[in-house]
Structure formats: structure tokens, C-alpha cells
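Below you'll find the structure, written out as C-alpha cells, and then a few comments.
The values are calculated or read from the model by the stated rules, or taken from the named source; none is laboratory data. Keep in mind that this is a model prediction, so the values were computed, not measured. Positions of Cβ are backbone-derived with ideal geometry, glycine not excepted, and every protein chain shown enters the neighbour counts.
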Amino acid sequence: MKIITIKIDEKLYEELMAKAKEEGLLSVPEYIKVLLMRELGKTKHVEPEAKAGVSVDKLIQLLERRLLDKVNPFTSKVDELARKYGELVEKIEAVEEKLKELEEKMSVQQIRKPERVSQGEKQERRKSAIEILHEQKVIFERDIASRIRDRESFFSKLQREGAKIIEARDERIVVEQAFWNEFAKKVSDLSSQNEDEVRKVLDDIEFRLFKKLKESALLIYNNFTKRWQLVM
């Protein structure tokens, strides 16, 4: 087989390419070869078998090129998304690092916070349990449940220091001894079962203690003596 090379301008090449497509060919060289064979009388037209044989390989190449043309834009977009995802991951990691540093600083501040409280707050925290009881007279367990974890030690300490511990229904009550003595005497002098009448005699804390003892069956009304009686 011999190879012949010729040079033509762009316009002529485009015209030849258009003619080649009309003949069912995919390239200018194939079309020129057909023209030469026609001129020499070798053939007057392209045989279907020849056209088919020539076009299969060329068609595959053409399809591959067109497929690549379609795929390449998506590939570039995927690469772009991968790049942006990587940048996003880096930013998230940076934010997480900043949050971690902030949490550590806040933890340090919380630890140091008690050092900056006022003198009055320091004195309030230094009050003992018995001093608080002297101020409040009565402490109900439900009122301190959320603030004191070791309530067993709390009540035991108060009891050792002279406070009265009452095992009421659902909770314990610690009462200052002097207050208890006065309360017991005041209750024993009550003759009415009507709570409205009782409330007129007792103050708020005394009436609350009265109600709790009554609910716990530690305070009953004696119908024989017509007086309230402590049962403990």
C-alpha cells in the first residue's frame, strides 16, 4: 500500500467532508479514495459492504469522542465538588478546634469564678447547717433535695447538734429544738378541728408543719380531750 499526502485549504476540506458524509463516509481521505477509484473505473459507487465496513470503526471512534465530550464536563464538576468538600471539611475542623478552645476557657473561668465572688457571698457559704436552721426554724427535705446531695450526712449532723428530726410521710423534717417546744405547746392548746381556726393561731411555717404532721398521722385530734395530740 502506498500513501499519498496532499495539502488543501480549510474551505475545500469542509466541502469534501460534507460530500463524504453524503456518501456515508466519516472522513475526507476515505472520500478521496472513492473518487479516485471512480475516476479509474474501479467502482462507481461505494458498496454497502464497504460503507458498513468503513463506518463501524469510525462510528465507534466518533461515539467515543462524543461520549468523552459529554462525560468530561461532569468529571470536571465532580472534581470541583470534591475540592469544595475538602475545603468545607477543613473549615469544619477549624470551627471544632475553636469550639474546643472556647469550652476549655469557659471551664477554667467556672473553676475560678468562686474566687471573684463578693465577701458577702463568701460569708453566706460559710454558714453552718445549724446556723441556717436557727434562721429558718424548720427545714423540709423536699426544699433542699435539689441542692444537697448527701442529705443523710446533712440530717445526721443537725441531729448531733441538737436539732429534732421528724420522719414524716415522703420526707424528713428537721426542726430547731426551741421552736419545736414552742410549737408543741401551741398545738396542744388548740381545741378546734377547723383548719381555718387553726391557721389564725399559727404562723405560716407553723401551719405548714401542722399540715404535714397531720397528713403523716403524727398529729391527731383527740375527741375525748378535744385537743390536738402529737404521736411520736
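Residue under question is Val174, and the condition is that it be under 15 Å from Leu230 (Cβ atoms), among the hydrophobic types (A, V, I, L, M, F, W, C) and surrounded by 15 or more Cβ atoms within 10 Å (Cβ to Cβ); does it hold?
On the way: under 15 Å from Leu230 (Cβ atoms): no; among the hydrophobic types (A, V, I, L, M, F, W, C): yes; surrounded by 15 or more Cβ atoms within 10 Å (Cβ to Cβ): yes.
Taking the combined requirement at face value, the residue does not satisfy it.
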#### Entry: Set Ser128, Ser191, Ser216: member being surrounded by 16 or more Cβ atoms within 10 Å (Cβ to Cβ) and small (Gly, Ala, Ser)
Ser216
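Could you check region 137-232 for helices (runs of 4 or more DSSP H) lying wholly inside it with 2 or more residues that are touching a Phe, Trp or Tyr at 6+ places or on another chain (Cβ under 9 Å) and touching a residue at least 40 places away in the same chain (Cβ under 8 Å)? Can you show your working first?
Numbers: elements: 141-144, 151-160, 177-188, 195-201, 204-215.
In region 137-232, the matching helices (runs of 4 or more DSSP H) lie at 177-188, 204-215.
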### Query
Is it true that some residue in region 151-168 is closer than 21 Å to Gln136 by Cα, in contact with a helix residue (DSSP H, G or I) (Cβ under 7 Å, 6 or more places away or on another chain), exposed (fewer than 12 other Cβ atoms within 10 Å of the Cβ) and modelled with pLDDT of 90 or more?
yes
